[in-house]
Amino acid sequence: MKFEHRPHRYEDGTIRIGGEIYGIAAEIADPDGWVWTALTLMDGTRSREEIAERLRLAHPELPDATSVVEELAATRYVEDAAAAAPAGLSERELDRYSRNHAFFRTVDAVPRAHGWEVQVRLKAARVVVLGLGGTGCHAAWALAAVGVGTIHCVDPDLVELSNLNRQVLYGEADVGRPKAEAAVDRLRSVNSDITVTGERRRIGSRRELDELIAGYDALALCADQPTGHGLRVWANRACAAANIPWAGGGYSGPLVTVGCFAPGAGACYECLSSGEEARRRPGTPVNLGGPGVIATSAGVSGQLVAHALLGLLTGVPVPPVGTIQGVNLIAADHHVWVRHPPRPGCPVCGTRAIGPAHKSTREMTEKDAH
Amino acid sequence: MNTNEHETEPVDEAAAPPKTKITIRLLDKIETTTSSNSVGN
Ligand SMILES: [Zn+2]
């Protein structure tokens, strides 16, 4: 049994397993007490065969003790206590990422060999963070801290004093420095076990974005220039062409949203935004501009982008592909959850365009039916 | 809610032992906690 999922038995014999969080917690009906006996035996000291043998002795009436053990062993609540940590992570990394390990193990819906698979995938991942403002700073910090192995940071601007209210990678001594340079220094100081690179650069065309993301596994779109849909449409098309997933975040005053997209899975950005436009009253001005931003809204935005990317890169937790989600920081009852079907014939996500789902999401989510 | 208790599938051949099924039911939102009191840091 994973420690954090250890079971509890109610008076009527029903077993609660997996704690108390929606999406993980479950109940098992166990009127004859077989399951409870099996779970109690799964304490990390016995093989499956020994557990089945003891279960058989305790419950001679049980038709098939082996299949009880096998069924339980196939759930998210157990792991192989004898499995060694993977060779791909150093002692230092096993220590640094120990809380990651516990978190991913808790939320992972798929039983795995040793529980470090997600961290190993992150270490192998290569991500571009485009834009190092409020969203990009927080996203890049989170990706570095969690252990994404290669991060490339891109921004054309210099650090200004007015950035310091929210852009977490810079200090007063960085004012006047290129953001890409200051961000790389800071991220390397946060995590020297990963590779961080950067460039001072403005992306001015779809072609330039194609070049930028070549060879990377995912894009964190955290830039707001060029304004409007331009950059996001480029990202939508460039990532589809490169067959890599992307997440894009931002804020409009207190409204913070993140979109999560993967080629071959769900609606693309252009389909979602056109679905949203169709809901609006015609003539509604959508971008009044300049609503301001503070550390908290920028932080939520960047962290949501990073969290979406973790799911896109590893499948843990399963990412909400083809959706935009978000929060309204002045209205606790307003949770944004945008879903629209792909538009028929959409060249990016429509039926003609659907290829194989990109590798990470496909491999890591196909078995998540339970 | 727990109507599916242990079931034993009928089998045709005496050679194969009957399979014992376990029903694991994910809890609904309303049955789970809304508290996020820190249990670590
Ligand atoms: Zn589309």
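The figures follow:
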read-out: Percent RCO, i.e. relative contact order, over region A:125-338, from Cα pairs under 8 Å lying at least 6 residues apart; value: 23 percent
read-out: Unit charges on C-beta of K, R, D, E only; dipole of region A:74-140, Debye; value: 200 debye
read-out: Anisotropy class of region A:141-209 from Cα gyration tensor, a/c 1.5 cut; value: oblate
read-out: Other-chain or far-sequence residues with amide H under 5 Å of A:Gly250's (modelled H); value: A:Thr257
read-out: Span from the region A:5-51 Cα centroid across to the region A:53-101 one, whole angstrom; value: 13 Å
read-out: Test item: B:22-35 mean partner chain Cβ contacts at 10 Å; value: 6
read-out: Neighbouring partner chain Cβ atoms per residue of A:17-29, average, 10 Å criterion; value: 6
read-out: C-alpha center-to-center spacing [region A:174-192, region A:254-328] in angstrom; value: 26 Å
read-out: Cys residues of the protein assembly as shown counted as unpaired, since no other Cys beta-carbon is under 4.7 Å; value: A:Cys137, A:Cys153, A:Cys222, A:Cys239, A:Cys260, A:Cys271, A:Cys346
read-out: Among A:Gly134, A:Gly250, A:Gly88: highest mean-square fluctuation, GNM of chain A, C-alpha pairs under 10 Å; value: A:Gly88
read-out: Options A:Gly147, A:Ser273, A:Ile28, ranked by Cα towards positive dipole end of the protein assembly as shown, top entry (Cβ charges); value: A:Ser273
read-out: Loop trypsin sites (Lys or Arg not before Pro), region A:205-291, which have at most 15 other Cβ atoms in a 10 Å radius of their Cβ (DSSP); value: A:Arg280
read-out: Residues with amide H under 5 Å from that of A:Thr195, placed H, sequence gap 5 or more; value: A:Thr150, A:Ile151
read-out: Magnitude of the charge dipole, region A:3-73, Cβ model with Lys/Arg +1 and Asp/Glu -1, debye to 20; value: 200 debye
read-out: Anisotropy class of the protein assembly as shown from Cα gyration tensor, a/c 1.5 cut; value: prolate
read-out: Estimated 222 nm signal from helices in chain A, with DSSP H stretches of n ≥ 4 weighted -39500 (n - 2.57), rounded to 500; value: -11000 deg cm²/dmol
read-out: Solvent-accessible area buried by pairing B with A, both sides, nearest 100 square angstrom, 1.4 angstrom probe; value: 2000 Å²
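The values are calculated or read from the model by the stated rules, or taken from the named source; none is laboratory data. These figures come from a predicted structure and were not determined experimentally. We place every Cβ from the backbone using ideal geometry, glycine too, and count neighbours over all the protein chains shown. The area values use the complete protein model at the heavy-atom level, side chains included, leaving out ligands, DNA and RNA. Shrake-Rupley method; radii C 1.70, N 1.55, O 1.52, S 1.80 Å.
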